[in-house]
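Structure below; questions to follow.
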Amino acid sequence: MKKFLDENFLLRTKTAQKLYHDYAKEMPIIDYHCHLPPEQIADDVQFENLTQPWLYGDHYKWRAMRTNGVNEDYCTGKKSDWEKFQKWAETVPYTLRNPLYHWTHLELQRYFDVHDILNPDTAKKIYDECGAKLKTPAYSVRNLLRKMNVRLVCTTDDPTDSLQHHIKVKEDGFEIPILPAFRPDNAMDTSDPQKILKYIKKLEEVTNIAISSFDDFLFALQNRHDFFASVGCSVSDHGLEEICADDFTGSESDAIFSKIHSGKTLNQDEQRKFKSAMLIHFAEWDWEKGWVQQFHLGALRNNSSRMLQTLGKDTGWDSVGDFAQAKPLAKFLDKLDRNNRLAKTILYNLNPANNELMATMIGNFNDGSVAGKIQWGSAWWFLDQKDGMIKQVDALSNMSLLSRFIGMLTDSRSFLSYPRHEYFRRILCDLFGDEIENGELPNDLNWVGKIIRDICYTNAQNYFNWQLQQQPATVKIATA
Ligand SMILES: [Zn+2]
């Protein structure tokens, strides 16, 4: 029997072990999409205990606790940090076979060198030991990023954000670029007339541009797009149920905006048309600036209206949706491609039933200008686990070129989530190792090892074209 979570965790064959330890393990991390709070990096925050980075913002853990019968007071409520941690420690033994079980113990090992299993008996010892370490400077958030060999981080930011924290981090000379990503979801969401009006007002304030027409609105947003670029942004992101690709004319957009501006409620058709128009404009700006555009598709959000009212968004009441993705997505990408306005694009799906749809969709719009121009992004959110990652990698292998894949990202709100890259890399090496030992792939570790390193790091570096620091001398990359 193998030891739980030892150095060959998830690596079933000798070749998989060699691929991971000699090629994948030491590769740095490019975290091109996450939700880390930039203010905490600007302030180089230190946490007081493990509850703060683990349980203050992690809806994966809250969902598990709620499922385990834990009262909300211990998830998002007013219980003390220690009481919350105790409830999490009680929950962990019940998360067997959920990725949380692996993530939790990987995080304890990699950040804290704690090799115990978390349960109610070990909770106090682990809480004290990790808490003591977190209070030392080595555990400031910037040092956590350094410790995990992170080379670059892209956060997720609204166009009206001042980006003051990104600017401060840069001014401080922090060697890991913390770049914003332009995510204009709020600028397209017209479902609540008051909310969008408030948003327009905020946009006026930050741009000093009076907005009374659709052109003004676009001008102000483009102003923010330019500003984001000036702070180093080169990626956009959209969180949508589905792509909207309805036909629209300029006069229709003007008329819909007038309705928005006068506080009227839009019908479903108008909402879709407005979103369709905005998506095309955003995509064209991305193309003009050579940015990469990302689309996170398929989440059915805020399903508990009761909890939305109490806790707000992103608190763990979302699930996999079943939207019809293929036709509007193809139409949208085709419109941009036909007009030579299609930027590099990454598509992420939340419904695993769309895996093959995505794997084949990307092939429709690769134009040979750059390897892997249209990417199907890494298994996302509920699919960000062993089974989900294997299925994504398998479908991508079968229907596209896995070798050109830009690989893993954390998509996390926690500074302790970086072992998810290790998790992905182990799974990747295991798949290749297995097929080499089976005689399905040649035993050419130089070549396969290169492909592994590409997927872990080099493809992303080339794709985004970021000028990153050379690897430190301590990082050894095996060549045989
Ligand atoms: Zn995200």
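The values are calculated or read from the model by the stated rules, or taken from the named source; none is laboratory data. Computed from a predicted structure; not experimentally measured. Every residue, glycine as well, gets a Cβ built from its backbone with ideal geometry; the counts of neighbours run over all protein chains shown. In case anyone asks, the SASA skips ligands and DNA or RNA and just uses the protein heavy atoms, side chains included. Shrake-Rupley method; radii C 1.70, N 1.55, O 1.52, S 1.80 Å.
Do any chymotrypsin sites (Phe, Trp or Tyr not before Pro) in segment 31-76 lie in a loop, going by DSSP, with at most 14 other beta-carbon atoms within 10 Å of their beta carbon, and if so which? Numbers along the way, then the final one.
Values: sites: Y32, F47, W54, Y56, Y60, W62, Y74; in loops: Y32, F47, Y56.
Those satisfying the criteria are Y56.
Under 1.5 on a/c is rounded, so check that first for segment 213-340, then, if it is not, pick prolate when a/b is larger than b/c and oblate when it is not; a ≥ b ≥ c are the square roots of the alpha carbon gyration tensor eigenvalues.
Values: a/c = 1.39, a/b = 1.26, b/c = 1.10.
Rounded, because the longest to shortest axis ratio a/c is under 1.5.
Let me ask something else about it. Which aspartates and glutamates does K198 reach when only Cα atoms under 13 Å apart count, and residues fewer than 8 places away in its own chain are ignored?
Hits, sequence-local ones excluded: D189.
Please give the per residue accessible area of the chain, computed with a probe of 1.4 Å over protein heavy atoms only, in Å². If you can, show how the numbers build up before the last one.
Working: 20700 Å² over 480 residues.
Computed with neighbouring chains in place, this is 43 Å² per residue.
Another question, if that's okay. State to the nearest 20 debye the size of the charge dipole of segment 1-132 about its Cα centre, where the only charges are +1 on K and R beta carbons and -1 on D and E beta carbons.
800 debye
Rounded, prolate or oblate: which fits segment 261-402 when a ≥ b ≥ c are the square roots of the eigenvalues of the alpha-carbon gyration tensor, with rounded for a/c under 1.5 and prolate only if a/b beats b/c?
Working: a/c = 2.18, a/b = 1.15, b/c = 1.90.
Judged from the Cα gyration tensor, segment 261-402 comes out oblate (a/c at least 1.5, b/c at or above a/b).
Choose one of Y23, L10, I126: the residue whose Cα lies farthest towards the positive end of the charge dipole of segment 1-139 (beta-carbon charges +1 Lys, Arg; -1 Asp, Glu; about the Cα centre).
Towards the positive end, the residue furthest out is L10.
Same structure again: Can you sort T190, T310, T76 by 1.4 Å-probe accessible area, starting with the largest?
Working: T190 5, T310 95, T76 45 Å².
These residues rank, largest area first, as T310, T76, T190.
If you add up the charges near G321, with Lys and Arg at +1 and Asp and Glu at -1, over every other residue whose beta carbon is less than 10 angstrom from its beta carbon, what do you get?
On the way: positive: R301; negative: E241, E242, D318, D322.
Neighbour charge sum, excluding G321 itself: -3.
What distance in nm separates the two pseudo spin-label positions at E241 and R301, each 7 Å out from Cα along the beta-carbon direction?
Result for the modelled spin labels: 1.2 nm.
Rounded to the nearest 10 Å², what accessible area does E171 have for a 1.4 Å probe in the complete protein model?
Rounded to the nearest 10, the figure is 140 Å².
A follow-up question, please. Please give the charge dipole size of segment 194-253, origin at the Cα centre, charges +1 on K and R Cβ atoms and -1 on D and E Cβ atoms. Round to the nearest 20 debye.
On the way: 5 positive and 11 negative charges, 88 e Å.
Dipole size: approximately 420 debye.
Calculate, in whole percent, how much of the Cα-Cα pair population of the chain lies beyond 44 Å. Provide the component values of the computation, followed by the final result.
Details: 15047 of 114960 pairs.
Considering the chain, 13 percent of its Cα-Cα pairs are separated by more than 44 Å.
Beyond a 31 Å Cα-Cα separation, which of these cross-linked pairs lie in this structure: K2/K373; K168/K386; K168/K289? Don't skip to the end; give the middle numbers.
Values: K2/K373 41 Å; K168/K386 37 Å; K168/K289 24 Å.
Checking Cα-Cα distances, K2/K373; K168/K386 exceed 31 Å.
Could I ask something else about it? How would segment 50-171 be classified by its alpha-carbon gyration tensor: rounded, prolate or oblate, with rounded meaning a/c under 1.5 and the a/b versus b/c comparison settling the rest?
On the way: a/c = 1.97, a/b = 1.46, b/c = 1.35.
In terms of gyration-tensor shape, prolate.
For the pairs K259/K335; K18/K84; K25/K78; K87/K201, note any where the Cα-Cα span goes beyond 31 Å. Each step should come with its number before you reach the end.
Values: K259/K335 27 Å; K18/K84 40 Å; K25/K78 40 Å; K87/K201 43 Å.
Pairs exceeding the cut-off: K18/K84; K25/K78; K87/K201.
May I ask which residue of S191, S258, G173 lies farthest towards the positive end of the charge dipole of the chain, with charges of +1 (Lys, Arg) and -1 (Asp, Glu) on Cβ and the Cα centre as origin?
With unit charges placed on the Cβ atoms, the residue in question is G173.
Which value, in debye to the nearest 20, gives the size of the charge dipole of the chain about its Cα centre, when Lys and Arg are +1 and Asp and Glu are -1 at the Cβ?
Working: 57 positive and 66 negative charges, 144 e Å.
Charge dipole, the chain, about its Cα centre: 680 debye, nearest 20.
Given a 1.4 Å probe and every protein chain left where it sits, what share in percent of the accessible area of segment 27-175 is carbon and sulfur? Write out the running numbers ahead of the final one.
Values: 2900 of 6170 Å².
Result for segment 27-175: 47 percent of the exposed heavy-atom area is carbon or sulfur.
Please figure out what share of the DSSP beta bridges in segment 265-358 is antiparallel and state it in percent, rounded to the nearest 5. The partial results should precede the final answer.
Working: 2 of 8 bridges.
If I count the DSSP bridges inside segment 265-358, around 25 percent turn out antiparallel.
Could I ask something else about it? With all protein chains present, how much of the accessible area of segment 245-395 (probe radius 1.4 Å) comes from carbon and sulfur, to the nearest whole percent? Working shown, then result.
Working: 3140 of 6450 Å².
The value for segment 245-395 is 49 percent carbon and sulfur by accessible area.
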